[in-house]
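Readers should treat all values here as calculations from the given coordinates under stated rules, not as data from a laboratory. Source: prediction; values computed, not measured. Note that we place each Cβ from the backbone using ideal geometry, even for glycine, and neighbour counts take in every protein chain shown.
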There are 2 protein chains.
Amino acid sequence: MPLSDADAYSKAVKHAREIAILSSIDSMLGWDERVNLPPAGGEYRADQMTFLAGQMHERWTDAKFGELLEQLAGSDLAKDPASDTGATIRQLKRKRDKKTKLPQALVEEQARLAVLGQQAWVEARKNNDFASFQPLLTRIVELKRQEANALGFKECAYDALLDDYEPDELTSNVRRVLAGLREELVPLVAAIKESGRQPDVSILNRSFPIDVQKRFSLDVAAKIGFDFQRGRLDETAHPFCSGLGPNDCRLTTRYTERHFPEAFFGTLHEAGHGLYDQGLNPEQYGLPLGDAISLGIHELQSRMWENFVGRSRAFWDHFYSHLKASFHGALGGVSPEAFYFAINDVRPSLIRIESDEATYNLHILIRFELEQALINDNLPVADLPEAWRKKYQEYLGISSDTDADGVLQDIHWSGGAIGYFSTYSLGNLYAAQFFHQANVDLKGAHGTLNEQFTRGEFAPLLGWLREKIHSQGQRYSAATLVERVTGKPLSHKPLMEHLKTKFGPLYGL
Amino acid sequence: MPLSDADAYSKAVKHAREIAILSSIDSMLGWDERVNLPPAGGEYRADQMTFLAGQMHERWTDAKFGELLEQLAGSDLAKDPASDTGATIRQLKRKRDKKTKLPQALVEEQARLAVLGQQAWVEARKNNDFASFQPLLTRIVELKRQEANALGFKECAYDALLDDYEPDELTSNVRRVLAGLREELVPLVAAIKESGRQPDVSILNRSFPIDVQKRFSLDVAAKIGFDFQRGRLDETAHPFCSGLGPNDCRLTTRYTERHFPEAFFGTLHEAGHGLYDQGLNPEQYGLPLGDAISLGIHELQSRMWENFVGRSRAFWDHFYSHLKASFHGALGGVSPEAFYFAINDVRPSLIRIESDEATYNLHILIRFELEQALINDNLPVADLPEAWRKKYQEYLGISSDTDADGVLQDIHWSGGAIGYFSTYSLGNLYAAQFFHQANVDLKGAHGTLNEQFTRGEFAPLLGWLREKIHSQGQRYSAATLVERVTGKPLSHKPLMEHLKTKFGPLYGL
């Protein structure tokens, strides 16, 4: 006797919840690997994660699960794609269809390489030794090409990889939006350079005792709404945010005594991700309605809190006296204007994660183009360091002496995350467009967002994000959501508008 | 066609290695729960661990695994019980036979209760509120009785639970050995009390800055041989040691600024456990030949390093100048004699983990007897606080005003660990008997162990433990091993000899 659609639905959801448990355990092991794991523990950790990857893959590709989803996809429950059941069925089926295309041996080797690759990368970066990392990266790229071919794609192999991070997005479309951005951004960066104005950034390189940084970061993260009953903040070499359960979101950061912005804005950035995680419906944890839409939409949150909030004048009108009291030795004689200018210094630099709001997108463009070259055009991994240097020269007018500060600076590729980078710039673009809309929607009795920030009020913005984005889970695609909330498709214009409004006065443009 | 014995063996071992992976992941989650987990994360962590417990139980009770072990138990590979294959088959079969007797529903409820129970215990202890913990503990005890009945036992239900921690040991035998110990120990403790001598323990309650304690503990743990490439040290409320993989052993401790011994001797204790973990054969991780024999033999290691090494005069002849330099404010004017006496203060106290080498065993006796009352004699959990106070009055002449310092002081029962406590005293007894033998065996060109400790040489003792115990895994039972290595069955005499030799001079007996 065939199952009723309702029974099939609860069976499928139960199965998906089991996968979510496995996935959350996998995240736990990944978090621990990057925060705690003793050096010699890596190999067995790889065994553990390989095992879990196999277990997840088995359950995703389980034939009975497939039958349930086939039945449900043709049922009334799937009729309205934006209904709870419709969105859940659509997204589970989408994900399963992708997984069934991947051979288990490929999945397991990728999981294993992800762990070993990250360990090799840590060493390679420390020793500025690309050659030691090259064989593993070569294999990682080979497997990503195999993955793309197994998945299939519309226009180019890279589409298949991008789709993992930014579902339903096309490489050509991202190229188009980023081209629009570049066209306006390059002249802006040039004008800033030619303005002759430069903040005194040395004030940020004074002594900022690490224990005080910790307290200050924790304090600000809590003030913008991160719930430490449901999360924590740790240290790691390459900061990230990871949700390990419906009520367990882990932020990480890296403290440098003589560089205040690194840990502080890093923490705000990860806390932005964390606010998204904490705003997802815990009842639907790991299911489509309790999961993030895409990495671009995730990055929207982190960049909004880091830059649109945390690097705004209004934010520091509220927090600067607290900051000054916390770091009196470093900032005792520094005016709020000087501090604000210093944290908004724009100039070409080598390290992406230390780069400013404006040039950041050029760092992304370089990676986005190199990834396409690796995947679509068979650029040999051995040629990567040289290609990297050339692009930096071309886009930013500088290039690094060492691979440690060049092609080895990011962890992503070592873990197999190829196709990921462009979502950072998409995040900036989304952030600008949604932030603009939040300003319009919230301009009521309480004044503009900036007026609210000055008073230390962040709950209205967070509430707006909760309602418009977080609580929706994957009900809509990113493209649909941006149109529903802002009335327009994604454009580079709000970001350019934001950058001009901010940097125009600072640099006298 | 039936499998060859060799094929059956490698199939069974492969299956057991998969269980070991699941078990190591479970340990990882348990470690994280006690070291890192945000307060609200507990419920989902329980879901995760319940899921893993189910997965492990499924694999242990898998029918094909059972058939393999049946075939192997009757094969030539099992003929010599002390051979690699013989020991592996015997121990896997022993474990599986126990697991198949337990209904999966019971196993899963116990796993879930272990997590919830520990969380409830943390709160109850903090708030001195036994009543809030009582319902969970009542259920935990009920389930332990069910477990004992399902497993079957020789003389009393408690045997079945004891067997989990001290395989093949009988309650009546432990009672007998501990009775022998008590007979000689009570007069010794009385004589110490009557001696009128007391060290000045207030010197240990001066200010010992926590960051210096951390550095000093890490340093000493490394010096006695703990390998931090294969392990780490973290903080938690109730310290423990957990092996999360063949090269990933996690020690934990708890720092109190104004009580030096807590973190320091706690760290030595856990490092002792850790040295056993690190001495097991990594190739056999999670299999019988790479696993600890029993908790008593595990505790042998921790108590030996904590007390026989760490509380010896010779140890401090080596380390005292380093200690004094590290904590000059606290110990600047304190003589090595005064310090040595203070860390060997013997007097009845309320808290087990703070108690001295001599009275410690009376704390254990109380718990051992109460556990038997709960399991064998149906003592109601509601009566436990009162029974606890009465026993403390009887054995130690004191009793606590609060349950927080009484029946709520230990984590064990909250996690379902009933049958565990006596292994602590067994550990003391084993430690004394093996330490005596190590002294005999190693008395060569390098002098006595004490002479070696004075020179900061701990490698010979560790090497002896590695050879005699660690590298053997579960090849022999605890009872067989102690006879093989020391030539005699376990006795309370070496421990009494040690205590008399140590405390006689200190207290002028």
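Here are the numbers for the structure shown:
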item: Sorted by Cβ density within 10 Å, fewest first, the residues B:CYS249, A:CYS156, B:CYS241; result: A:CYS156, B:CYS241, B:CYS249
item: Filtered trypsin sites (Lys or Arg not before Pro), the stretch B:374-412: DSSP coil and at most 10 other beta carbons within 10 Å; result: none
item: Efficiency of FRET between A:GLU183 and A:HIS328 - r from beta-carbon atoms, R0 41 angstrom, step 0.05; result: 0.35
item: Contact order relative to length of the stretch B:172-507, as percent, for alpha carbon pairs under 8 angstrom and 6 or more apart; result: 23 percent
item: Within the protein assembly as shown: Cβ-based charge dipole about Cα centre, in debye rounded to nearest 20 (Lys, Arg +1; Asp, Glu -1); result: 760 debye
item: Computed magnitude of the charge dipole of the stretch B:172-507 (debye, nearest 20; Cβ of K, R +1, Cβ of D, E -1); result: 700 debye
item: Selected from A:SER400, B:HIS259, A:TYR9, residue furthest toward positive end of dipole (the protein assembly as shown; charges at beta carbon); result: B:HIS259
item: Of the trypsin sites (Lys or Arg not before Pro) in the stretch B:428-505, those whose Cβ has at most 13 other Cβ within 10 Å and which sit in DSSP loop; result: B:LYS443, B:ARG455
item: The stretch A:345-500 - charge dipole about Cα centre, Lys and Arg +1 at Cβ, Asp and Glu -1, debye rounded to 20; result: 740 debye
item: Label-point separation, A:ALA222 to A:VAL440 (7 Å along Cα→Cβ), nm; result: 3.7 nm
item: Folded to 0 to 90 degrees: helix A:384-396 orientation relative to chain A principal axis, Cα; result: 50 degrees
item: Residues B:HIS273, A:HIS328 arranged by fewest to most Cβ contacts within 10 Å; result: A:HIS328, B:HIS273
item: Other copies of A:LYS193: label-to-label distances in nm, shortest first, labels 7 Å along the beta-carbon direction; result: 8.4
item: Positive-pole candidate from B:LEU37, B:ALA87, B:TRP60, dipole of the stretch B:1-118, charges at beta carbon; result: B:ALA87
item: Over the protein assembly as shown: Rg over Rh, Cα atoms, Kirkwood Rh; result: 0.99
item: Loop sites in the stretch B:210-319: trypsin sites (Lys or Arg not before Pro), DSSP, at most 12 other Cβ within 10 Å; result: B:ARG258
item: Equivalent ellipsoid semi-axes - Cα gyration tensor, the stretch B:5-100, angstrom; result: 33, 13, 9
item: Chain A shape via C-alpha gyration tensor axes, a/c threshold 1.5; result: prolate
item: When each of A:LYS95/A:LYS493; A:LYS99/A:LYS154; B:LYS93/B:LYS154; A:LYS11/A:LYS98; B:LYS193/B:LYS488; A:LYS468/A:LYS493 is checked by Cα-Cα distance, pairs over 24 Å; result: A:LYS95/A:LYS493; B:LYS193/B:LYS488
item: Which of A:PHE130, A:PRO489, A:THR171, positive extreme of dipole for chain A (C-beta unit charges); result: A:PRO489
item: Shortest-first distances to equivalent copies, position B:PHE228, nm, label 7 Å out along Cβ; result: 2.6
